[in-house]
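Undergrad: Below are the structure tokens for one structure; questions will follow.
The values are calculated or read from the model by the stated rules, or taken from the named source; none is laboratory data. Given the structure is predicted, the values throughout are model-derived calculations rather than measurements. Here Cβ is always computed from backbone atoms with ideal geometry, including for glycine, and neighbour counts include all displayed protein chains. The protein model used for the area step is the full one, side chains on, heavy atoms only, and it has no ligands, DNA or RNA in it. Shrake-Rupley method; radii C 1.70, N 1.55, O 1.52, S 1.80 Å.
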Amino acid sequence: MAEDNVYTSDLSYPKEEKKCLVYRIFGQVPARLVLYLLSWSGFLVSFMMRNDINLAIVAMVEQPPRSFTNSTNDYCYVVEESSNNTAPLDYGGTLKWSSKVQSYILSSFYWAYIISQVVGGLATQRLGTKRVFGYAQLATALCSLCIPWASETHVGLVIGLRFVQGFASGLTWPAMYALVGHWIPVPERSRFMSSFQGFSIGIGITYPLCGFLIAHLGWRSVFYTTGSIGTAWCLIWYLLAFDSPETHPRISLREQQYIKENTVNTYANARTQVVPWKAIFTSMPAWAIGITTFGRIWVHYTFIISGPTYMKSILGFSIEKNGLLSGAPFICSYAASVLFCYIADKLVTKQFMSLTNVRKLMTALSQVVPGLLVFAISYLGCDIEYVLVIWFFAVTLITAAYAGAMANVVDIAPNFAGPVLAFAQTIHMCASFLSPLVAFHMLEGQEQNMSAWRGVFYVTGVIAIVTYAVYQIWGTGDIQSWNDSKETVLTPEREELMTSGNSHKIKPAIVKNGSGPEEIA
């Protein structure tokens, strides 16, 4: 019977499977490494599909006539044919979308994105990460492929597609967070969280790629490219992703045992537990995570969405240079996130600092320092070199959050990481549409006015610093008491036993965890 049980040993495959080169190759690769690469590439592709339109819309829309009056108090370039810093007057766009319509298109993604956070947490508890994450990515990819057609048909279709993309993308975060509690041992969690920074690479690749494609193939090629990449990734995910070590057909017994001994929950137990929503809603540590990351998201989206407009309207870069300089800081930020997460793990494992203090330190680096740096950007004016250096440094530091408050989601409730993240994301992702919306209203008709941009940066810096104060007071790395829910969900098998009068045959659905992470039932 050993051949029928693929979980008892990494050598227990049927004879014909042992001969399969694919199984033999993947049998030597740690399953956690494969999961890291899937997580990293998944967020990379997801953010390519969500951010492609931020730069592409510049080329899609017909540019209005531009005044050739120049004032160095307003922007940092002179409109001359020979100037390398000249902002192009026309990108060949044909769509007659007003500024207000464009703001609706860009923000519609985040309307549904917020709604879907709680849905993602609930869906993951029931269906598992493989299905939720995979189907969400596929829906986003198909919508990207349809945007060129929708753009030339009716603007309402574009808004609808972006709405669907936002809803689908919102499912991915709680889905992947839930997987961390089942798969990743406590000593490795900060490092694994760096895989989420695949989104930084996604942003960093998308902007220069969009600039190149628009310049050489037109804006439609942007959506065909990102949509095709997303569809291909879904196939790889389907073949290699599994919801838990217990369901993985190629994991070694040694690795499976190591995971089991260093995690505080199992996939089966988590799916039978009732989510303690009341406890989550009244938990100050959960609120602290949501509120402090609201400030980080506000800063982040100032760079992601408003950044290209600043570089075009104030610094006067061409679309290709705009794409390159808008994306480059996010490439650097991925390397920084790996470093921050490694340092965080070492500080904890070597007992230099408590887990709580490490999370607070990294969160301060990701919010307080960037908050101060955006003040500096507002005063640097047309010192473009200094602006770009500060810009790069601020974006890079933001990634420390993935060894700070974002990793803290799993710390306080490993059994309910998906629902807790859904709760926190519902709070902090409000900043994803509020940040560009506030910037739009502050800059309306004054995109080339440096003093108007200074106001945008002031607001951004204050929000980042003030929201961190909440985390400093209520943030903690301790597992919360409600993580061990005593309520269970009636699975079909258990319900059948109860209704048949054989309730005495029912085994407990949840085995109570020990007093610490090392005691595994």
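Undergrad: Eigenvalues of the Cα gyration tensor times 5, then square-rooted: what semi-axes does that give for region 140-243, in whole angstrom, largest first?
TA: Result for region 140-243: semi-axes of 30, 16, 12 Å.
Undergrad: For Glu152, tell me the accessible area in Å² from a 1.4 Å probe, rounded to the nearest 10.
TA: 110
Undergrad: While we're on this one: Length gain on complete extension for the stretch Leu95 to Gln257, per 0.36 nm per residue less the alpha carbon to alpha carbon distance?
TA: 52.5 nm
Undergrad: Could you tell me, in Å, what Rg and Dmax come out for the Cα atoms of region 283-376?
TA: Calculated on Cα positions, Rg and Dmax stand at 16.4, 50 Å.
Undergrad: Send over a whole-number figure in Å² for the accessible area per residue of region 346-393, probe 1.4 Å. Intermediate values should be presented prior to the final figure.
TA: Numbers: 2430 Å² over 48 residues.
Computed with neighbouring chains in place, this is 51 Å² per residue.
Undergrad: Going down the table (Lys96/Lys321; Lys278/Lys346; Lys260/Lys350), which pairs top 31 Å between alpha carbons?
TA: Lys278/Lys346
Undergrad: Moving on. Determine, from the Cβ-Cβ distance of Phe393 and Val274 and an R0 of 51 Å, the FRET efficiency 1/(1 + (r/R0)^6), rounded to the nearest 0.05.
TA: The formula returns an efficiency of 0.70 here.
Undergrad: While we're on this one: Between Met442 and Ser481, what FRET efficiency comes out of the Förster formula 1/(1 + (r/R0)^6) with R0 = 45 Å and r the beta carbon distance, rounded to 0.05?
TA: 0.55
Undergrad: Something else about it: Considering only protein heavy atoms, what is the solvent-accessible area of Leu217 at a probe of 1.4 Å, reported in Å² to the nearest 10?
TA: Accessible area of Leu217: about 120 Å².
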